[in-house]
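The values are calculated or read from the model by the stated rules, or taken from the named source; none is laboratory data. Note that the structure is a prediction, hence the values are computed from the model and not measured. Here Cβ is always computed from backbone atoms with ideal geometry, including for glycine, and neighbour counts include all displayed protein chains. With ligands, DNA and RNA removed, areas are computed over all heavy atoms of the protein, side chains included. Shrake-Rupley method; radii C 1.70, N 1.55, O 1.52, S 1.80 Å.
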Amino acid sequence: MMFLLILISASFLTTVYYVGYFTVAILLGVHNKHYFLGFGKGFFEFRIKGVVFTTGIFVPIFGLARIYKIEVQLKKRPNYAWEFFERPLFRRLLTTYAGVFSLFLSSLIIFITIAYFVNDRYISKVEINKYGIYPSSLAELHGLQLGDRILKINGNDFERYDDLLDPAIFETPGNSYTVLRKEEELIVDIKALESPVLIHEPFFQILFPFQIDSVAPNSPAAEIDLQKGDRIVKVNERKIYKLQDMQKEFRDDIDELAMLEVQRIKSGDTITFVKEVRLDMQKRIGVFTRELIHYSTKSNSLGEALVKGVKNTFSNLVAQIKALFMVVVPQRIKGGPIGVSS
């Protein structure tokens, strides 16, 4: 399924690129008289303002999309836009970048459309501060602690979780979080970080509790009668905050026997009990979990969709340029080939 989606996306982008290129080329008169699109023999022919297009087996994917010019009944390499020296430089320049501009324009339209018709789904500030944050080891080095409530960014209020992890916070110096810790407000300064540092894990997550969503049949969890809705709060006497805490305790377990402290709601009351479970060969117990997160939703007006669409388009463009620069200049990346691919 994923491979099919990639093919469809590649075909769409290739089609947009060539439609944009030929549209501008024909309007500005920077073109050959006769083009052949694809492989093999021509199946049909059409004309656009005097320009003839003969179509064979055309594969609309970059690298496979073959385009030729026809001269004296022979297929030849088509002239590049800058090779039409009889045309003004400005026209040749516009034609050269017409395909790229059409891709940019289509992405802009797509992002604006998505922003307008699809509601935003986000974690609100209230939800974030219900339990506080779960800092990464890097965040702890900067001074953040488990359970900190984030009040402000650089002295300003914020609306959602995404605002807290804006890349600009980590790429430039002089940024800070105002946090509430044990009823005391503190300012935690954040140093500028290299982008690859944040690839493997977010700077911090939200400290949402999790519960069992389902239990695999014939699994260790089924053998001790764990049920949907149960919450594992301790493993081997260690308090569990996030799913990765539980997974770490299982990995570190030596005798493959783990003591679980479990909370279960029964008849409106919360009961707590302890169960011993034998881990399987992968050091798992066979449960699927879900975090107890409440997402807020918001619809965008046309104006908001325009702003958000433009912002998302440019942010994606900048991200692609940075990724290209990181590949072209690999010495800036630590971690060798793995770092480059990341």
Rounded accessible area of residue 302 (nearest 10 Å², 1.4 Å probe):
100 Å²
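Top to bottom by accessible area (1.4 Å), largest first, where do 259, 2, 281, 246 land?
Ranking 259, 2, 281, 246 by accessible area, largest first, yields 281, 2, 259, 246.
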Tell me, what is the 1.4 Å probe accessible area of residue 87, in Å² to the nearest 10?
90 Å²
Max mean-square fluctuation residue, GNM over the chain, Cα-Cα springs under 10 Å, options 309, 268, 20:
268
Considering only protein heavy atoms and a probe of 1.4 Å, how much of the accessible area of the chain is carbon and sulfur, as a whole percent?
60 percent
Which residues' amide hydrogens lie under 5 Å from the amide hydrogen of residue 176, considering only partners 5 or more residues apart or on another chain, with H built in the peptide plane?
154, 190
What is the dipole size for the stretch 1-122, taken about its Cα centre, with +1 at each Lys and Arg Cβ and -1 at each Asp and Glu Cβ, in debye to the nearest 20?
380 debye
Once amide H atoms are placed 1.01 Å from N in the peptide plane, what residues at a sequence separation of 5 or more from residue 61, or on another chain, have their amide H within under 5 Å of its amide H?
none
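For Cα pairs less than 8 Å apart in space and 6+ apart in sequence, what is the mean separation divided by the residue count of the chain, i.e. the relative contact order in percent? Please list the in-between numbers first.
Working: 544 pairs, mean separation 50.1, N = 342.
RCO, the chain: 15 percent.
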Taking θ = phi - 60°, what integer Hz values does the Karplus form 6.51 cos²θ - 1.76 cosθ + 1.60 yield along the stretch 308-314, in sequence order, with x for Gly and Pro?
5, x, 5, 4, 5, 4, 5
When we measure straight from the Cα of residue 76, which lysines land under 16 angstrom away, once same-chain ones fewer than 8 places off are left out?
33, 41
May I ask which residue of 272, 207, 240 lies farthest towards the positive end of the charge dipole of the stretch 198-286, with charges of +1 (Lys, Arg) and -1 (Asp, Glu) on Cβ and the Cα centre as origin?
207
Taking a probe of 1.4 Å and leaving out DNA, RNA and ligands, the chain shows per residue an accessible area in Å² of 63 Å²
Charge dipole (the chain, unit charges on Cβ, about Cα centre) - positive-most of 258, 220, 7:
7
Just 77, 264, 149 to compare: in a GNM of the chain, with alpha carbon springs under 10 Å, which one fluctuates most?
77
Quick check: Cα centre of the stretch 281-300 to Cα centre of the stretch 12-51, how many Å?
50 Å
Reach of residue 130 by Cα under 15 Å, taken over aspartates and glutamates that are not fewer than 8 positions away in the same chain
148, 159, 183, 291
Over all directions, how big on average is the projection of the convex hull of the alpha-carbon atoms in the stretch 218-319, in square nanometres?
11.0 nm²
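Looking at this model, which pairs from 152/239; 182/242; 125/298; 125/228; 234/275; 228/283 are more than 18 angstrom apart at the alpha-carbon? Display every interim value, and only then the final one.
Numbers: 152/239 29 Å; 182/242 21 Å; 125/298 14 Å; 125/228 29 Å; 234/275 11 Å; 228/283 20 Å.
As for pairs spanning more than 18 Å Cα to Cα, those are 152/239; 182/242; 125/228; 228/283.
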Taking springs between alpha-carbon atoms closer than 10 angstrom, which of 46, 203, 84 fluctuates most in the Gaussian network model of the chain?
46
Placing +1 on the Cβ of each Lys and Arg and -1 on the Cβ of each Asp and Glu in the chain, which of 38, 100, 18 has its Cα farthest towards the positive end of the resulting dipole?
38
How large, in Å, is the stretch 154-299 by the Kirkwood hydrodynamic radius built from its alpha-carbon pairs?
18.2 Å
